[in-house]
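To keep things clear, I will list the structure first and then write my remarks on it.
Just so it is clear, none of the values below were taken in a lab; they were calculated from the coordinates. Here the structure is a predicted model, which means the values were calculated and not measured. Because the Cβ atoms are built from the backbone with ideal geometry, glycine has one as well, and the counts that use them run over all protein chains shown.
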Amino acid sequence: MRTRIITLLSFLLITSLFIFAQEDVTTFLGIPVDGTKSEMRQKLINKGFTPTKTKEFDFLEGEFNGSKVHVYIGTNNNKVYRIMLADENTLDEANIRIRFNNLVNQFERNSRYSSPIENQRIPDNENISYEMNVHNKVYEAVFFQKPDDSKIDTVALKNNMLQAIYEKYSPDELENATEDIKTDMMITSLKVMEELLRKKTVWFRIEKHYNEYYIAMFYDNVYNQANGEDL
């Protein structure tokens, strides 16, 4: 019976667009979002960013994807878990909508990314200022970096899928699986793979500064984020 389940999982893996890459982390401009802050800082300097320090902030300045940005390095226990980019220049409502939607288009066209959400663009007739001020609406878009093919670990993925399925169904149920159970197995497997992909998340949102707006973008290595280990 176990062989039959593993065979089914192999089929799910082959027919799915999602792959788990063990020890594969998010990259920014080809740099793994990992290591110490000083190491990351030097790598960004090597990419052309300039260190800047004020009384309140320590960041780097430079150009990214055609826009001037400030770059901040987020750490947890001195391990880098995030690169944050903030537009240097603010925009009015009409232009921030264009910038946001253009970014969505760029990510969707980039074969290195996938997204769990369809149509993340802001409609032309939506009042961004009203929605943010009155309804506290957050405008953000989320994408996943696809794994590095050289680090694919299909065995680890199958084991994770098997564990999730065995937690839901008994051996007898799996031996005589109904169509409903088979469908749920597919959904469960896809959820496992999506959760693994979330470890390489790149997302951005609209931030407000007085009466204008800018884009904040985040390249996250979820493996290095705080997970309650210091509590």
| said: Can you tell me which aspartates and glutamates have their Cα less than 12 Å from the Cα of residue 199? Leave out same-chain residues fewer than eight positions away. | reply: 23, 24, 220
| request: Using only alpha carbon positions, build the gyration tensor of the range 27-72, then give the equivalent ellipsoid semi-axes as the square roots of 5 times its eigenvalues, largest first, whole angstrom. | output: 17, 15, 8
| task | Note the full-extension length gain between residue 54 and residue 76 as 0.36 nm times their separation in residues minus their Cα-Cα distance, in nm to one decimal. | result | 5.7 nm
| note | Row for the range 16-141, column shape: gyration tensor on C-alpha, a ≥ b ≥ c, rounded if a/c < 1.5 i.e. under 1.5, prolate if a/b over b/c, else oblate; value oblate
| query | Which of the pairs 47/146; 53/137; 79/146; 43/79 have their Cα atoms more than 25 Å apart in this structure? | reply | 53/137
| message | Give the aspartates and glutamates reachable from residue 208 as a straight Cα distance under 18 Å; neighbours fewer than 8 places away on the same chain don't count. | response | 87, 88, 92, 93, 126, 131, 140
| In nm, to one decimal, how far is the residue 178 label point from the residue 209 one, both placed 7 Å along Cα→Cβ? | 5.8
| task | Work out, step by step, the length gained on full extension between residue 130 and residue 113: first 0.36 nm times the residue separation, then minus their alpha carbon distance; give nm to one decimal. | result | 3.0 nm
